Amino acid sequence: MLNLGFTIGSFVLSATTLPLGILMDRFGPRPTRLVGSASFAASCTLTALASRDTKVLSPLIFLALSLNGFGGICLTFSSLTLPNMFGSKGPTIMALMIGSYASSAVTFLGVKLIYDAGVPFVVIMFTWSALACLIFLNCALNWPSESFPAPEEGRYMKKIKLTGLALDHKVTGDRFYTHVTIVGQRLSQKAPSMEGDGIDISSQDVHRTSENRHEKSVSFRKSLCSPIFLWSLLTMGVTQLRVIFYMAAMNKMLEHLVVTSGQEHETVDLRQKAEETVGFYSFIFGVMQLLCLLTCPLIGCIMDWKIKDCVDTPAELTALSDARDGVATKSARPRYRKIQKLTNAISAFTLTNFLLVAFGITCLIKSLHLQFMTFVLHTMVRGFYHSACGGLYAAVFPTNHFGTLTGLQSLISAVFALLQHPLFMAMVGPLKGDPFWVNVGLLLSSLLGFLLPSYLFYYRALLRREHATDWEGPLKAPGGIDL
């Protein structure tokens, strides 16, 4: 029954992200975050009140737990758009946020230590509720009403006037120099026809560029049916099943290693030893969840690799060179941002899949001490595959599709994870607690995860040929996403 409850709870938690993603794409992350922080604060308050008189107020605990889960997933999901504020460092910030979410169970140990030190439980809950109110206040004051656009999307407002080059925009750094230089080049080319004309011609040019990009915007159906998204569903579903099954069946697998080891009979002393050993290893596994926060920046750095040195078009490279050095290096072949993001995603998913295969191999080896390595690999995979998928979606899909696609992917992965319960029942039933054949099947299925980076490799080759043609012939900006 506990395994069934764990399965249903995991499914509901993941399935909730789909309606949240749709609402977030429609109304932005701010309303979602406000509702989430208010729900979380209310849950902590109800828990504190219920603890004052558990016999009378115990029904409030069920409402408090429901609000706690709903508020937590709202806060987590709405935070996934925040990394767009950090430009090329966005994937690293996203990895840190996913790592903090994956390692959040460690806070239970901190709360337990505070409680054991003599702090009343009511005080702890009201303090937590106050912190949630601070999150609500921060969101109300600082978060924008719309989603944070990706740096390469043409959704920033740019007004560049001729007189004094007055600027009203949100573009900084390299992209600022690029826009200003392009405007200067256009003004110098059109100077004879602009004498005596004080209108904002450069602003019109930039506005026309934004309109062209908007015309090439990708429909949601195209993003939904793209091979990248479909292959990611398979990869994430298989990985989710592998990770969730181990979390649900870990105690039984450890017990099988200690108690039976293939024997049909067991003694009372051996059973007691098994309980103590399983408790110790479960504690170590819980503490190791903190590794998610420490290892997730690695996958973020992989997704960020050399993004700052990339451009969107050859014209941008020429303009950037003019702005910085005064000399255009027109013979240099540019490094395109989209291709580099695909390269980084290939590296991230390949590394994650190798770790997943290594994790599956260690599960097959009947060695109790080797389980420490299994814990480390499980923790790394658990943090890596969410970060890699989020970085991939942010790289190849429009911002206004991110929430819905991520929510749909989470729902499909949750459906895959439902298979862990029949696998668990098969392990404790016909297989008599031996997880070997279940682990063999999961190891073979995890090899399907290499199909996504394989397709990304093929798609990157197509883009390289297309950009090579653009470099040799007329310059053509890759405005749309042809996935």
What residues from the range 369-390 fall in the zone where the backbone N is under 16 Å from a label point 7 Å along the Cα-to-C-beta line of LYS273? 369
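At a Förster radius of 41 Å, what calculated FRET efficiency corresponds to the Cβ-Cβ distance of LEU109 and LYS308, to the nearest 0.05? Don't jump to the answer; show the numbers that get you there.
Values: r = 38 Å, r/R0 = 0.93.
So, using R0 = 41 Å, E works out to roughly 0.60.
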Please compute the modelled spin-label separation between MET85 and PHE354, points set 7 Å along Cα→Cβ, answer in nm with one decimal. 3.5 nm
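So how do 34-44, 59-69, 377-387 stack up, highest first, on mean other-Cβ count within 10 Å?
Numbers: 34-44: 21.8, 59-69: 15.7, 377-387: 26.5.
Result, highest mean first: 377-387, 34-44, 59-69.
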Whole Å is fine, so just give me how far the alpha carbon centre of the range 341-390 lies from that of the range 402-428. 18 Å
Point-to-point label distance, CYS301-ASN142, nm (Cα→Cβ direction, 7 Å offset): 2.6 nm
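Using a 10 Å cut-off on Cβ atoms, rank the peptides 240-253, 269-282 from the highest mean neighbour count down. Let's see the in-between values first.
Values: 240-253: 21.4, 269-282: 13.8.
Put in order of decreasing packing, that is 240-253, 269-282.
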For a paramagnetic label modelled at 7 Å from the Cα of MET373 toward its Cβ, which residues of the range 347-362 fall within the zone defined by backbone nitrogen distances under 12 Å? 358-362
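Values in this text are rule-based calculations from the coordinates and carry no lab data. If you're wondering where the values come from, they're calculated on a predicted model, not measured in any experiment. Here the Cβ is made from the backbone with ideal geometry for all residues, glycine too, and neighbour counts use every protein chain on show.
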